[in-house]
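Single-structure report; data block below.
The values are calculated or read from the model by the stated rules, or taken from the named source; none is laboratory data. The structure displayed is predicted, hence computed values, not measured ones. Note that we place each Cβ from the backbone using ideal geometry, even for glycine, and neighbour counts take in every protein chain shown.
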Amino acid sequence: MNIFRGSRSLSLGLILMLSLTLFGCASRRLDENPVDSPSAEKLEAQKRASIRMQLAIGYYQQGQQKVALDEIREALKISPDLVDAYSVRAVIFMDMGEKQLAEENFLYALKLAPNHSDIMNNYGWFLCQNGREKDGLAYLDKVIKDSAYPTPGKALNNAGLCSLHLKDIAAAERYFMQGLKEEPANPAINANIANILYDRGQYGQAKFYIDRVMNKFDVIKADVLWLAIRIEKKLGDAAAVNGLATQLRRRYPNSREYTLFQRGAFDE
């Protein structure tokens, strides 16, 4: 079963939010709360740590993970208990495949901020990707129950994918459908529901959900294009198949999906 994760965009979404949070912390004025305001020296340290973190985020977004890690190290020298530094570093290690280092940083971030939903969401997904689905779902369910969490669709999509790892299709579908109620336009959730319906042989309904992705976004990933091609193939729309295949060839000529198309391996 193909699974449409969007996991890197999820991580980047967290990091973009963190950059705004860090900037806001560093730029807080001294006279907002005169009694509880930190010292000028502490504010200056926060500002310097924030700048380091923004640099780290920028380097990470450019694919320069090692440079990003260097910047995070400098930020932690300034502010050793900076939660966001450990959280972002965990995400970077996760993307690099450094599982032990990722987990160590996730756990330390959660030690500093036990109820931080963004960190729990990413840590839950990390566990799901590494054969610890039940533990991952426990974290994701906590995030889903957090009514203040601004992007519940991400946690619900992750929980759905985690359920697919466990071969629990019914639970996955419940998570995905709940995710659509929260974020109807979420492309990953729509694609994942389409994939479940395709596997079930409900091609017309699968087309409804995949079209919600195809009609809304200009850049479609190879796996989503491939699913759309297979759906149209089952529905017998040769013109649609050819049009989508042209997009797949033009955008992803070296992809696994285009190789499968060339072989006519629509059911692999």
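Quick notes on this structure:
Conditions tested, residue by residue: (1) in the same structural domain as GLN129 (by TED's automatic domain parsing); (2) at pLDDT 95 or above; (3) surrounded by fewer than 21 Cβ atoms within 10 Å (Cβ to Cβ); (4) outside any helix (DSSP H, G or I).
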position	(1), (2), (3), (4)
MET17	no, no, yes, no
LEU22	no, no, no, no
ARG29	no, no, yes, yes
GLU32	no, no, yes, yes
LEU43	no, no, yes, no
MET53	no, no, no, no
GLY58	no, no, yes, no
ASP84	no, no, no, no
GLN100	no, yes, yes, no
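Results for (1) in contact with a Lys or Arg (Cβ under 8 Å, 6 or more places away or on another chain); (2) among the β-branched types (Val, Ile, Thr); (3) closer than 17 Å to LEU127 by Cβ, shown as yes or no for each residue.
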{"residue": "GLN65", "(1), (2), (3)": "no, no, no"}
{"residue": "GLU71", "(1), (2), (3)": "yes, no, no"}
{"residue": "GLU74", "(1), (2), (3)": "yes, no, no"}
{"residue": "SER87", "(1), (2), (3)": "no, no, yes"}
{"residue": "VAL91", "(1), (2), (3)": "no, yes, yes"}
{"residue": "GLN100", "(1), (2), (3)": "no, no, yes"}
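- Of residues in region 116-147 being free of Cβ contacts under 8 Å to residues at least 12 places away in the same chain and over 19 Å from GLU173 (Cα atoms), the one surrounded by the fewest Cβ atoms within 10 Å (Cβ to Cβ): SER147
- For region 148-170, the set of residues classified as without any contact (Cβ under 8 Å) to a residue 12 or more places away in the chain and buried (at least 16 other Cβ atoms within 10 Å of the Cβ) consists of ASP168 only.
- When region 134-157 is filtered for residues that are closer than 15 Å to LYS181 by Cα and either in a helix (DSSP H, G or I) or modelled with pLDDT of 95 or more (or both), the ones remaining, listed by number, are ILE144, LYS145, PRO152, GLY153, LYS154, ALA155, LEU156, ASN157.
- Flag for ALA185 being of a type in the set (Gly, Ala, Ser), modelled with pLDDT under 95 and either under 19 Å from the mean Cα position of the chain (by Cα) or surrounded by 20 or more Cβ atoms within 10 Å (Cβ to Cβ) (or both): yes
- Given (1) closer than 22 Å to THR246 by Cβ; (2) buried (at least 20 other Cβ atoms within 10 Å of the Cβ), index of the condition ASP218 fails: (2)
- The sole residue among LYS234, LYS207 that is within 27 Å of THR151 (Cα to Cα) and assigned to a helix (DSSP H, G or I) is LYS207.
- Meets criteria (part of a helix (DSSP H, G or I) and not hydroxyl-bearing (Ser, Thr, Tyr)) for GLY243: yes
- Residue in region 183-199 that is touching a Leu at 6+ places or on another chain (Cβ under 9 Å), over 25 Å from LEU140 (Cβ atoms) and in the same structural domain as GLY264 (by TED's automatic domain parsing) present: no
- For region 210-230, a tally of residues being part of a helix (DSSP H, G or I) and closer than 20 Å to ALA185 by Cα returns 12.
- Region 227-268 - residue that is among the basic types (Lys, Arg) and closer than 16 Å to ILE210 by Cβ and, of those, surrounded by the fewest Cβ atoms within 10 Å (Cβ to Cβ): LYS234
- The set of residues from region 193-233 being touching a residue at least 40 places away in the same chain (Cβ under 8 Å) and β-branched (Val, Ile, Thr) comprises just one member, VAL224.
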